[in-house]
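K.L.:
My structure is below; once you've seen it, I'll send some questions.
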């Protein structure tokens, strides 16, 4: 019984071992065949792709010079550094105010009909100009609301009074700009309405058009300071010199004068705004040689 069992066991294991070996041989034979099929499939794919690329190259439109330029411009734009001329504008919140050393031009200065009658004093002090023993201290004031900086007006008036053609040439008078303390006269730049009030209080009729000198006040009409006079064909700064020289002339004792003769310089003490009477417009009491440019006195 033991041998019979052993033989049956050998018969079962024998065929099973042979089957395993047979399946292994079949797998080894199929391996190379599968590799060949994979290579053939890959080759077919490559051939198809190559044919498609060749067809695309033959049928695509050519690249034009304009297309090349467009691409080049795009690249340049993306890599270009900003130049000084293309810098961004400042933000509206960063507005810059005008430099305080720049005065408004005559064409941009508004001329109100009247003002509050109050004034701002120029905070400026100068040295004495002239060699005369009579030093006349003066202030410069501008009416509130007028678009003229008091310091700028003071600078311009100081230049007029320091000019060699001005009143310092008489050898008697000198001038010094002050902002405080005692003074001999005050130059006030005022609106036409305020001029009429100040001058009218002294019985002078200015009609909103002309200047006047009242007591210690040299009252300058804003309209004349900005617009000049149709009778004066020189630059506006020259006409302002005439205003200052004429009114300060009154302050130091000079009265009105008239034209000394056709073609000659009109005296600074002449009311040139009323007509030149044959004379040539002139802003200065003296010429460059130091000679007085006067004329006959008038009431």
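The values are calculated or read from the model by the stated rules, or taken from the named source; none is laboratory data. Just so you know, these numbers come straight off a predicted model, no measurement behind them. Cβ atoms come from the backbone with ideal geometry, glycine included; neighbour counts cover every protein chain shown.
K.L.:
Of the residues 208, 193, which single one is touching a residue at least 12 places away in the same chain (Cβ under 8 Å) and assigned to a helix (DSSP H, G or I)?
P.N.:
Only one candidate qualifies: 193.
K.L.:
Applying the selection to segment 146-157, what residues are more than 22 Å from the chain's Cα centre (by Cα), surrounded by fewer than 20 Cβ atoms within 10 Å (Cβ to Cβ) and touching a residue at least 40 places away in the same chain (Cβ under 8 Å)?
P.N.:
156
K.L.:
I've got another one for you. Report whether or not residue 250 is touching a strand residue (DSSP E or B) at 6+ places or on another chain (Cβ under 8 Å), over 15 Å from residue 141 (Cα atoms) and either part of a helix (DSSP H, G or I) or touching a residue at least 24 places away in the same chain (Cβ under 8 Å) (or both).
P.N.:
Against the criterion (touching a strand residue (DSSP E or B) at 6+ places or on another chain (Cβ under 8 Å), over 15 Å from residue 141 (Cα atoms) and either part of a helix (DSSP H, G or I) or touching a residue at least 24 places away in the same chain (Cβ under 8 Å) (or both)), residue 250 qualifies.
K.L.:
Also, I was wondering about something else. Identify, please: which residue in segment 211-227 is part of a loop (DSSP other than H, G, I, E, B) and touching a residue at least 24 places away in the same chain (Cβ under 8 Å) and is, among those, farthest from residue 273 (Cα to Cα)? Spell out the reasoning first.
P.N.:
Quick first cut of segment 211-227, residues part of a loop (DSSP other than H, G, I, E, B) only: 211, 215-216.
Pick out the ones that are also touching a residue at least 24 places away in the same chain (Cβ under 8 Å) and you get 211, 216.
Details: 211: 10, 216: 23 Å.
Ranking the qualifying residues of segment 211-227, first place goes to 216.
K.L.:
Looking only at segment 240-265, count every residue that is farther than 26 Å from residue 214 by Cβ and loosely packed, with under 14 Cβ neighbours inside 10 Å and tell me the total.
P.N.:
3
K.L.:
Now for a different question. Does segment 254-265 include one or more residues that are touching a helix residue (DSSP H, G or I) at 6+ places or on another chain (Cβ under 7 Å) and either in contact (Cβ under 8 Å) with a residue 24 or more places away in the chain or farther than 24 Å from residue 197 by Cβ (or both)? Before the answer, list the steps.
P.N.:
Of all residues in segment 254-265, those touching a helix residue (DSSP H, G or I) at 6+ places or on another chain (Cβ under 7 Å) come to none.
Within segment 254-265 (the criterion being touching a helix residue (DSSP H, G or I) at 6+ places or on another chain (Cβ under 7 Å) and either in contact (Cβ under 8 Å) with a residue 24 or more places away in the chain or farther than 24 Å from residue 197 by Cβ (or both)), the answer is no, since none of the residues qualifies.
K.L.:
Which of (1) in contact with a helix residue (DSSP H, G or I) (Cβ under 9 Å, 6 or more places away or on another chain); (2) surrounded by fewer than 21 Cβ atoms within 10 Å (Cβ to Cβ); (3) over 25 Å from residue 230 (Cα atoms) does residue 201 not meet, given it meets every other one?
P.N.:
(1)
K.L.:
Could you list, in sequence order, the residues of segment 266-299 that are in contact with a strand residue (DSSP E or B) (Cβ under 7 Å, 6 or more places away or on another chain), crowded, with 20+ Cβ neighbours inside 10 Å and outside any loop (DSSP other than H, G, I, E, B)?
P.N.:
Passing the criteria: only 286.
K.L.:
Within segment 231-245, can you find the residues that are free of Cβ contacts under 8 Å to residues at least 40 places away in the same chain and either more than 19 Å from residue 141 (Cα to Cα) or part of a strand (DSSP E or B) (or both)?
P.N.:
Of the residues in segment 231-245, the ones free of Cβ contacts under 8 Å to residues at least 40 places away in the same chain are 235, 243.
Within segment 231-245, just 235 meets the criteria.
K.L.:
So which residues in segment 133-145 are buried (at least 22 other Cβ atoms within 10 Å of the Cβ) and farther than 20 Å from residue 181 by Cβ?
P.N.:
Listed by number, the list holds a single entry, 143.
K.L.:
With respect to residue 130, determine if the residue is closer than 30 Å to residue 229 by Cβ, more than 36 Å from the chain's Cα centre (by Cα), surrounded by 10 or more Cβ atoms within 10 Å (Cβ to Cβ) and at pLDDT 50 or above.
P.N.:
So residue 130 passes the test.
K.L.:
Among the residues of segment 146-190, what is the count of those that are closer than 20 Å to residue 210 by Cα and not in a helix (DSSP H, G or I)?
P.N.:
Here the count works out to 9.
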